Amino acid sequence: MGHMQELAYVDDIAPGSTRPLDDGLLLVRGLAGDFHLLEDRCPHVGWSLATGTLHEDAVIECPLHHGLWCLRTGDPQRYPARVPMTVHPVTVRDGRVYRLPAAE
């Protein structure tokens with residue numbers, strides 16, 4: 001089993017904001033304060049989601065064609081989103097956000 005990877009301090013990311021990471025992932029803090037980690041590319045055309053709009057119920061909207069995806073599951077919520085996006089498990093401990101190792 002792998003180790004957890006530290007991503008950020010909780011206090012450095014305000015609710016309703018995103019942070020692109022060097023490895024092509026996007027750390028998202030939802031409007032409710034929950035954290036999510038996903039690929040920073042819309043599955044529809046590959047556009048960055050870093051400037052996407054965050055909605056209630058942990059949903060992100062692509063800034064290009066306005067498709068919606070669930071941040072918890074990656075499931076598409078509104079056309080033209082049809083393909084699920086990859087989401088990665090995270091946890092918060094001691095004021096820091098960590099990526100959990102992939103299930104084996």
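Any read-out appearing in this document is the output of simple, stated calculations on the displayed coordinates, not a laboratory observation. Keep in mind that this is a model prediction, so the values were computed, not measured. Positions of Cβ are generated from backbone atoms using ideal geometry, with glycine treated the same way; all protein chains shown enter the neighbour counts.
Return the unpartnered cysteines for the chain, using a Cβ-Cβ cut-off of under 4.7 Å. Unpaired cysteines in the chain: C70.
So, with +1 on the Cβ of K and R and -1 on the Cβ of D and E, and no other charges, what is the size of the charge dipole of the range 1-58 about its Cα centre, to the nearest 20 debye? Write out the running numbers ahead of the final one.
Numbers: 3 positive and 10 negative charges, 29 e Å.
Using only the charged Cβ atoms, the result is roughly 140 debye.
Rounded to whole numbers, the Karplus 3J(HN,Hα) couplings from phi for the range 19-36 are 9, x, 10, 4, 8, x, 9, 10, 8, 10, 10, x, 4, 8, x, 7, 9, 9 Hz, using 6.51 cos²θ - 1.76 cosθ + 1.60 with θ = phi - 60°, and x at Gly and Pro.
About its Cα centre, the dipole of the range 1-102 is roughly 200 debye, where the only charges are +1 on Lys and Arg Cβ and -1 on Asp and Glu Cβ.
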